[in-house]
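Trainee: What follows is a structure written as structure tokens; I'll ask about it next.
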Amino acid sequence: MLIQSSDDIHIPTLTVEQTLEFALATKTPGKRVPGLSGKDFNKEVLETLLKMVNITHTKKTMVGNEFVRGVSGGERKRVRNFLNPYQFEANEVTGQHC
């Protein structure tokens, strides 16, 4: 059984890029490829994540919510999946879409 929360866990006035940068800043590993700074690592991961879920075009757009206009609902859910990886993994395994 999977219990899903429909509550968004982001700040709607931040852009997709700012939202993911904040999430990455809290999760950057201490040990990285030699010669790669934390900032460079986060930049590479951010670009890779955006490409993986096909939302590179939303990078400079506000995430939004029901009161603030932003990315589409589907794009917002893809951003939310990266903020809550456990939900993302559960959905991938069960085949459910958030």
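The values are calculated or read from the model by the stated rules, or taken from the named source; none is laboratory data. Being a predicted model, the structure only gives us computed values, none of them experimental. In this analysis, Cβ positions are derived from the backbone assuming ideal geometry, glycine residues included, and neighbour counts consider all displayed protein chains.
The rows are residues; the columns are (1) under 13 Å from the mean Cα position of the chain (by Cα); (2) assigned to a loop (DSSP other than H, G, I, E, B); (3) modelled with pLDDT under 75.
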{"site": "Ser5", "(1), (2), (3)": "no, yes, yes"}
{"site": "Ile11", "(1), (2), (3)": "yes, yes, no"}
{"site": "Gln18", "(1), (2), (3)": "yes, no, no"}
{"site": "Glu21", "(1), (2), (3)": "yes, no, no"}
{"site": "Pro29", "(1), (2), (3)": "no, yes, no"}
{"site": "Gly35", "(1), (2), (3)": "no, yes, no"}
{"site": "Phe41", "(1), (2), (3)": "no, no, no"}
{"site": "Leu46", "(1), (2), (3)": "yes, no, no"}
{"site": "Leu49", "(1), (2), (3)": "yes, no, no"}
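Trainee: Now a separate question. Answer yes if at least one residue in region 61-84 is surrounded by 11 or more Cβ atoms within 10 Å (Cβ to Cβ) and modelled with pLDDT under 75, and no otherwise.
Mentor: Yes, the conditions are met somewhere in region 61-84.
Trainee: Sort out which residues of region 37-47 are over 23 Å from Thr58 (Cα atoms) and surrounded by 12 or more Cβ atoms within 10 Å (Cβ to Cβ), and write them in order of number.
Mentor: Within region 37-47, Gly38 is the sole residue that qualifies.
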